[in-house]
Amino acid sequence: MDIKHIVFDWDGTIQDTVSSIVQAWQDASVELALAVPSAAEVRSMIGLSLQVGITQREPSLSAAGVEAFIATYRKHYFALEAQPSPLYREIPTLLTELAQQDIVLTVATGKGRNGLDRALNSSGISHYFAGSRTACETASKPDPLMVTQLCQQVGITSAHTMVVGDAYFDMAMAANAGAYGIGVSYGAGTVAELQRARPLKIIDAPLALLDLL
Ligand SMILES: [Mg+2]
């Protein structure tokens, strides 16, 4: 392996937003009189775009119903994240180390652009990232489009690219793009879910990534 580019998932990989996402899904479901998903059900959808997630869960919802869910979810999520969730503790150190090794860093997320920009701006780590893609601008994971566009932007092929994420969809996106998939077990997805997409490795903490380079 000669890794020159790492694509990071955001929620559950960089920032510990999992409990806010679960709460916002449940609050939006209550407000719109939809069936309220369990925490485990929400966790299994984290990583998909909201549009794909709610459509899979509520296939009979109209287009207007989907739009209403997305708007209601975002209202609750942004209220919960008025005090931003913390970054995973080792993330700033990891990003500093990777930057010193001249590895190009980018973000591919199921968040909306507004949500990602808010998270980046409040994180104190936005300067580490050379680019980002959101599902609403491209295609939801596990489609490889976010990774292939980021590879084109930074001028590094997928054969020299690693995708780091906490969800099955991240690992499937990596495989679909021809990039290496590294799962993290500290986020929303379970190890069994991650293994279904055959990642190269599953790590238990951010700094363990350095041992793989
Ligand atoms: Mg994630």
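The values are calculated or read from the model by the stated rules, or taken from the named source; none is laboratory data. Treat the numbers as computed from the prediction; the structure is a model and nothing was measured. For neighbour counting, all protein chains shown are included, and Cβ atoms are generated from backbone atoms with ideal geometry for every residue, glycine included.
Just name the residue that is surrounded by the fewest Cβ atoms within 10 Å (Cβ to Cβ) out of those in region 1-34 that are under 21 Å from residue 211 (Cβ atoms) and of a type in the set (D, E, K, R).
Among those residues, the one meeting the criterion is 2.
Answer with yes or no whether residue 115 is buried (at least 18 other Cβ atoms within 10 Å of the Cβ), under 25 Å from residue 1 (Cα atoms) and within 16 Å of the ligand (Cβ to nearest atom).
The answer is no for residue 115.
Taking only region 99-123 into account, find how many residues are of a type in the set (Lys, Arg) and touching a residue at least 60 places away in the same chain (Cβ under 8 Å). Quick ask: steps written out before the conclusion?
Residues of region 99-123 of a type in the set (Lys, Arg): 111, 113, 118.
After this cut, where a residue has to be touching a residue at least 60 places away in the same chain (Cβ under 8 Å) as well, the list is 111.
Looking only at that region, the number is 1.
Give the number of residues within region 177-208 that are assigned to a helix (DSSP H, G or I), more than 14 Å from the ligand (Cβ to nearest atom) and in contact with a Lys or Arg (Cβ under 9 Å, 6 or more places away or on another chain). Give the steps one after another, and end with the answer.
Filtering region 177-208 for residues assigned to a helix (DSSP H, G or I) gives 177, 191-196, 206-208.
Then drop every residue that is not more than 14 Å from the ligand (Cβ to nearest atom), which leaves 177, 191-192, 195-196, 207-208.
Then keep just the ones that are in contact with a Lys or Arg (Cβ under 9 Å, 6 or more places away or on another chain); that gives 208.
So the answer is 1.
Test residue 147 against the stated conditions and say whether it is buried (at least 24 other Cβ atoms within 10 Å of the Cβ), at pLDDT 95 or above, within 16 Å of the ligand (Cβ to nearest atom) and not in a helix (DSSP H, G or I).
no
Name the pairs whose Cβ atoms lie under 9 Å apart, with the first residue in region 143-171 and more than 24 Å from residue 211 (Cβ to Cβ), the second at pLDDT below 95 and among the charged types (D, E, K, R), and 6 or more positions between them or separate chains?
Close Cβ pairs (under 9 Å, with a partner that is at pLDDT below 95 and among the charged types (D, E, K, R)) amount to 146/137; 149/137; 169/141.
Taking interchain pairs and intrachain pairs at least six residues apart, which have beta carbon atoms under 7 angstrom, with the first residue in region 174-192 and assigned by TED's automatic domain parsing to the domain that holds residue 146 and closer than 17 Å to residue 4 by Cα and the second aromatic (Phe, Trp, Tyr) and not in a helix (DSSP H, G or I)?
Here the result reads 174/180, each pair linking region 174-192 to a residue that is aromatic (Phe, Trp, Tyr) and not in a helix (DSSP H, G or I).
So for region 30-43 (the condition being among the aliphatic types (A, V, I, L, M) and within 14 Å of the ligand (Cβ to nearest atom)), does at least one residue qualify? Walk me through it before giving the result.
Start the filter on region 30-43 by keeping residues that are among the aliphatic types (A, V, I, L, M), which leaves 30, 32-36, 39-40, 42.
Filter again for within 14 Å of the ligand (Cβ to nearest atom), leaving 42.
Taking every residue of region 30-43 in turn, at least one turns out to be among the aliphatic types (A, V, I, L, M) and within 14 Å of the ligand (Cβ to nearest atom).
Taking region 79-88 as the search range and keeping residues that are touching a residue at least 12 places away in the same chain (Cβ under 8 Å) and out of contact with any Phe, Trp or Tyr (no Cβ under 8 Å at 6 or more places or on another chain), which one is surrounded by the fewest Cβ atoms within 10 Å (Cβ to Cβ)?
Let us first name the residues in region 79-88 that are touching a residue at least 12 places away in the same chain (Cβ under 8 Å), namely 80-81, 84-88.
Going one step further and asking which of them are out of contact with any Phe, Trp or Tyr (no Cβ under 8 Å at 6 or more places or on another chain), we end up with 80-81, 84-87.
Working: 80: 18, 81: 18, 84: 16, 85: 18, 86: 11, 87: 18.
Applying the filter and picking the extreme gives 86.
Restricting to region 1-28, what's the tally of residues that are more than 16 Å from the ligand (Cβ to nearest atom) and without any contact (Cβ under 8 Å) to a residue 40 or more places away in the chain?
Qualifying residue count for the region: 1.
Taking the criterion of being small (Gly, Ala, Ser), in a helix (DSSP H, G or I), under 17 Å from residue 113 (Cα atoms) and more than 16 Å from the ligand (Cβ to nearest atom), would at least one residue in region 80-87 satisfy it?
Keep residues of region 80-87 that are small (Gly, Ala, Ser), which gives 82, 85.
Still in the list and also in a helix (DSSP H, G or I): none.
No, the conditions are met nowhere in region 80-87.
Do the conditions hold for residue 131, that is, is it surrounded by fewer than 19 Cβ atoms within 10 Å (Cβ to Cβ), of a type in the set (Gly, Ala, Ser) and within 15 Å of the chain's Cα centre (by Cα)?
yes
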